[in-house]
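Below is one structure, written out as structure tokens, with a few remarks after it.
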Ligand SMILES: [Zn+2]
Ligand SMILES: [Zn+2]
């Protein structure tokens, strides 16, 4: 279907124009005068992109108390993924596999209590074990861990051991490992949740879903 060129006076001319829909509405851009890069074109930053991957992993968590997702990244490439839950081959937490989580759901213990009896692996630990299982080297100190919750002390110990020097987190875990992070010359960045909410809204079914052509 020919479209009327918005800038030239040549009349209907599909050859010099193309349509873009990334803002949610179709706009005609004339190739002859398009301002490169296209204004209004948007995509997540690296940090946002990898946190979205962690959010995606979180959906697969089998723990009924809390859902967490984590990914390990080096040089803008995702090396490993993890979510929290009982070990493979053990009954899922939501199926009654973890006695401690049952007690927590029953209100018999408080948040943070009885963690030494919890059978659920942390998301960060599972991402680290993903590296171990598949023989992936996280590198000599330039890897980043994205996690939907700031890591506990135990996971932080393991993470800095495999070479993670940057943590990007969305929420704060009650246990504070910030001193270890500092001692290991690593850093923690807290990410703005609004940004993740925004990108989630652009996904299929979201409130600002990008139309598919
Ligand atoms: Zn659990
Ligand atoms: Zn942990």
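The values are calculated or read from the model by the stated rules, or taken from the named source; none is laboratory data. A quick note: this is a predicted structure, and the numbers were derived from the prediction, not measured. Every residue, glycine among them, receives a Cβ derived from its backbone with ideal geometry; neighbour counts consider all protein chains shown.
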*asked:* Just the residues that are in contact (Cβ under 8 Å) with a residue 12 or more places away in the chain and over 27 Å from residue 105 (Cβ atoms), please, taken from region 59-79.
replied: 71, 72, 73, 74, 75, 76, 78, 79
*Return the only residue of 44, 37 being closer than 30 Å to residue 15 by Cβ and away from ligand 1 (no atom under 16 Å from the Cβ).*
37
_region 65-96, residues that are over 16 Å from residue 129 (Cα atoms), within 20 Å of the chain's Cα centre (by Cα) and within 11 Å of ligand 1 (Cβ to nearest atom)_ = 65, 66, 67
*asked:* Just to be sure I understand the filter: pairs with C-beta atoms under 6 Å, separated by 6 or more residues or on different chains, first member in region 179-193 and touching a residue at least 60 places away in the same chain (Cβ under 8 Å), second member in a helix (DSSP H, G or I). Which pairs pass?
replied: 191/51
*Any residue in region 91-104 that's closer than 22 Å to residue 59 by Cβ: show its pairings with residues that are assigned to a helix (DSSP H, G or I) and away from ligand 2 (no atom under 16 Å from the Cβ) at Cβ separation under 8 Å, as long as the two are six or more apart or on different chains.*
96/102
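Conditions (1) within 16 Å of ligand 2 (Cβ to nearest atom); (2) touching a helix residue (DSSP H, G or I) at 6+ places or on another chain (Cβ under 7 Å); (3) at pLDDT 95 or above, marked per residue:
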{"position": "30", "(1), (2), (3)": "no, no, no"}
{"position": "44", "(1), (2), (3)": "no, yes, yes"}
{"position": "81", "(1), (2), (3)": "yes, yes, yes"}
{"position": "90", "(1), (2), (3)": "no, no, yes"}
{"position": "120", "(1), (2), (3)": "yes, yes, yes"}
{"position": "130", "(1), (2), (3)": "yes, no, yes"}
{"position": "144", "(1), (2), (3)": "no, no, yes"}
*Quick one: how many residues across region 164-174 are surrounded by 15 or more Cβ atoms within 10 Å (Cβ to Cβ) and either part of a strand (DSSP E or B) or within 13 Å of ligand 2 (Cβ to nearest atom) (or both)?*
7
_If I filter region 112-132 down to residues being in contact (Cβ under 8 Å) with a residue 40 or more places away in the chain, in a helix (DSSP H, G or I) and within 14 Å of ligand 1 (Cβ to nearest atom), which single residue comes out as surrounded by the fewest Cβ atoms within 10 Å (Cβ to Cβ)?_
125
*Taking region 98-111 as the search range and keeping residues that are within 11 Å of ligand 1 (Cβ to nearest atom) and under 28 Å from residue 161 (Cβ atoms), which one is surrounded by the fewest Cβ atoms within 10 Å (Cβ to Cβ)?*
100
*Identify, by number, the condition in (1) in contact with a strand residue (DSSP E or B) (Cβ under 9 Å, 6 or more places away or on another chain); (2) away from ligand 1 (no atom under 16 Å from the Cβ); (3) outside any helix (DSSP H, G or I) that residue 156 doesn't meet.*
(3)
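Listed here are the residues, each with its yes/no results for (1) surrounded by 14 or more Cβ atoms within 10 Å (Cβ to Cβ); (2) closer than 30 Å to residue 90 by Cβ; (3) in contact with a helix residue (DSSP H, G or I) (Cβ under 8 Å, 6 or more places away or on another chain).
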residue	(1), (2), (3)
135	no, yes, no
147	yes, yes, yes
162	yes, yes, yes
181	yes, no, yes
185	no, no, no
188	yes, no, yes
197	no, no, no
202	yes, no, no
207	no, no, yes
*Can you confirm whether region 55-62 contains a residue that is loosely packed, with under 12 Cβ neighbours inside 10 Å and not in a strand (DSSP E or B)?*
yes
